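Enquirer: Please find one structure pasted underneath; my questions will follow.
The values are calculated or read from the model by the stated rules, or taken from the named source; none is laboratory data. Keep in mind the model is a prediction, meaning the values are calculated, not measured. Counting neighbours? That spans all protein chains shown, and the Cβs are built from the backbone with ideal geometry, glycine included. Please note that ligands, DNA and RNA were not included when accessible areas were found on the heavy atoms of the full protein model with its side chains. Shrake-Rupley method; radii C 1.70, N 1.55, O 1.52, S 1.80 Å.
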Amino acid sequence: YKNLYGIDISQYAIEQAKHISPNANFQIMNAESLKFKKEQFKLILAIDVIEHVKNPEKCIKECNRILNKEGILIIVTPNPESYSHKINKDKWFAYRDTTHISIKPQREWIEILKKNNFAIQTAKTIDLFDFPHFNKLFQLFNKIKYELKNPFLKKIGDNTIIIAHK
């Protein structure tokens, strides 16, 4: 692949990423102030990112600015409406990470994306992994969930995934 970029505010994370993908261009950068040209990218993956950003709407505006006209934004972030959250409460995995400062329900992410000129292609939840005592059972449950694509399971996963385009 050509023209791969990755950003992080952590020098350590950038150094680790360079070992994994030495041909990519990694830079220390704040997601709220992206130093890329307008309409530079076709795809932005923000996997386990947006929950770490102080002003996620500013980050989403920046993503819109640097995506081209057919650009796609994929966000994966913790889902506070998950079944695991209801069971684990303040011990839920997303709360154990003190750098998670912007945890929102899926509907709020969708509102922010729409407000910033994104159209939602897909919005669903994935994964049920925060069940330490029932790990094997929930691995099986995840497999069934993905294979059946059951609409009743749509909102209970530990992570929200949203695919949006300009």
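Enquirer: Counting heavy atoms of the protein chains only and a 1.4 Å probe, report the per residue accessible area for segment 75-115 as a whole number of Å².
Expert: Numbers: 2290 Å² over 41 residues.
Averaged over the residues of segment 75-115, the accessible area is 56 Å².
Enquirer: For a paramagnetic label modelled at 7 Å from the Cα of ASP48 toward its Cβ, which residues of segment 86-110 fall within the zone defined by backbone nitrogen distances under 14 Å?
Expert: Correct set: 93-100.
Enquirer: Over segment 1-93, what percent of the accessible surface lies on carbon and sulfur atoms, probe 1.4 Å?
Expert: On segment 1-93, the fraction of accessible area on carbon and sulfur atoms equals 54 percent.
Enquirer: Using DSSP to define loop residues, name the chymotrypsin sites (Phe, Trp or Tyr not before Pro) in segment 1-41 whose beta-carbon has at most 11 other beta-carbon atoms within 10 Å. Display every interim value, and only then the final one.
Expert: Details: sites: TYR1, TYR5, TYR12, PHE26, PHE36, PHE41; in loops: TYR1, PHE36.
For chymotrypsin sites (Phe, Trp or Tyr not before Pro) across segment 1-41 that sit outside H, G, I, E and B with at most 11 neighbouring Cβ atoms in 10 Å, the list reads TYR1.
Enquirer: If you count only protein heavy atoms with a 1.4 Å probe, what accessible area per residue comes out for segment 1-43, rounded to a whole Å²? Before the final figure, lay out the partial values.
Expert: Numbers: 3470 Å² over 43 residues.
Each residue of segment 1-43 exposes 81 Å² on average to a 1.4 Å probe.
Enquirer: Right, next: With +1 on each Lys and Arg Cβ and -1 on each Asp and Glu Cβ, how big is the dipole of segment 37-134 about its Cα centre, in debye rounded to the nearest 20? Display every interim value, and only then the final one.
Expert: Working: 17 positive and 13 negative charges, 76 e Å.
The dipole of segment 37-134 has a size of about 360 debye.
Enquirer: Just grab the label-to-label distance for THR99 and GLU57, each label 7 Å out from Cα along the Cβ direction, in nm (one decimal).
Expert: 2.5 nm
Enquirer: Greater than 25 Å separation of Cα atoms is the criterion. Which listed pairs, LYS37/LYS166; LYS86/LYS124; LYS69/LYS155, meet it?
Expert: From LYS37/LYS166; LYS86/LYS124; LYS69/LYS155, over 25 Å: LYS69/LYS155.
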